[in-house]
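In what follows, a structure is listed as structure tokens, so that the remarks can point back to it.
The values are calculated or read from the model by the stated rules, or taken from the named source; none is laboratory data. Treat the numbers as computed from the prediction; the structure is a model and nothing was measured. In this analysis, Cβ positions are derived from the backbone assuming ideal geometry, glycine residues included, and neighbour counts consider all displayed protein chains. Quick note on the areas: whole protein, heavy atoms, side chains included, nothing else; ligands and nucleic acids left out. Shrake-Rupley method; radii C 1.70, N 1.55, O 1.52, S 1.80 Å.
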Amino acid sequence: MARARVLVRPLVALSAGLLLVSGCGGSGASSKDASHGTSGKSGSGPVVVATTSWEAALAKAAGAENVRSLVPASIRHAPDYDLKPSDLSAVADADYVLYAPFEPFAGRIKEAAGSRAKMIDLELDNSPAKTAANVTRLGKAFGTEQAAAKWNADLAAEWKSLAGRLKAARPDGKAPAVASQVFTTWAAKLAGARLVGTYGPEAVSPAQLSRLSAKKPAFVLENENMSTGTVLPGSGAKQLNIVNYPGKDLDLLAVYRKAAEQMTKAFAAS
């Protein structure tokens, strides 16, 4: 009972901090979101708890079998999530806890739960080089190097295949001009697009709006997980909302497939 009271006090502090630092929609998960992303209810190897589905998907790609994400995949902006006592309990039982430095609550989870888990911070970026590096690093930590190497090979093959389809979808064979949010430039690279400018992570300022519109991008690749609405209103650019976070299935390759499908349809219709 005493331990429960110890856990509740840091949780309240964390929740209050989140309300101060979170800047966009959603106040947390409802009771319908109780089933978080997981790679399986049982399996061998270390118990891995990740703050979001993105880190959890990287763990799964690296070969981990016991993986849980704290923030449900239905939460569009992870820092808006309000941690629950059950989340801290999961951390207390973990062998590894994965988080990203930009997540305001992540660095305090281990201390709040009194866990002995090894904390691993990940630089989240869906560029293939960064993704492969993260998977390789986790594979070494988990002792699943072979599984990680196989997944990285699958990523390379998938990227090449999707890039080929996108190139074939261009009506005139020319690389489309795009503006991109800073965390979705990987999608521009996948498309083989001509990147004319970037913006964010803050909302586009009037000066940026003027500069980006003057470059006449045909498309805007917006970050769905940090979206503030229409980026270049009145510019004529078609906006595509690119998702960075995997769904409940923790399938990171599906993130690339979805983005490729969005861009392929948009390019073919332009």
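Close amide H partners of residue 118, meaning residues 5 or more places away or on another chain with modelled amide H under 5 Å apart, are 96, 97.
Distances between placed amide hydrogens fall under 5 Å for residue 204 paired with no residue 5 or more residues away or on another chain. Rolling a 1.4 angstrom probe over the protein heavy atoms with all chains in place gives the range 168-239 an accessible area of 49 Å² per residue. Work out the charge dipole of the range 163-270 with +1 on the Cβ of Lys and Arg and -1 on the Cβ of Asp and Glu about the Cα centre, then indicate which of 207, 240, 190 is farthest towards its positive end. Toward the positive end, the furthest listed residue is 190. Amide H to amide H, which residues 5 or more places from residue 100 or on other chains are under 5 Å from it, using H placed in the peptide plane? Sorted by chain and number, the residues that satisfy this are 122. Put a dot 7 Å past the Cα of residue 119, heading toward its Cβ, do the same for residue 154, and the two dots end up 3.1 nm apart.
What FRET efficiency comes out for residue 140 versus residue 211 if R0 is 41 angstrom and r is the Cβ-Cβ distance? Round to the nearest 0.05. Let's see the in-between values first.
Numbers: r = 43 Å, r/R0 = 1.05.
The pair residue 140/residue 211 has a calculated efficiency of 0.45.
Karplus-derived 3J(HN,Hα) values for the range 227-232, using 6.51 cos²θ - 1.76 cosθ + 1.60 with θ = phi - 60°, are 5, 10, x, 5, 7, 10 Hz; glycine and proline are entered as x.
Counting other Cβ atoms within 10 Å, which GluC sites (Glu not before Pro) in the range 187-267 have at most 11 and lie in a DSSP loop? If you can, show how the numbers build up before the last one.
Working: sites: 202, 222, 224, 261; in loops: 202.
Within the range 187-267, the qualifying GluC sites (Glu not before Pro) (loop, at most 11 other Cβ atoms within 10 Å) are 202.
Restriction of the GluC sites (Glu not before Pro) in the range 95-165 to DSSP coil positions whose beta-carbon has at most 16 other beta-carbons within 10 angstrom yields 123.
Dimensions of the range 117-270 from C-alpha coordinates, computed as largest minus smallest value along each principal axis and given longest first, are 52, 35, 24 Å.
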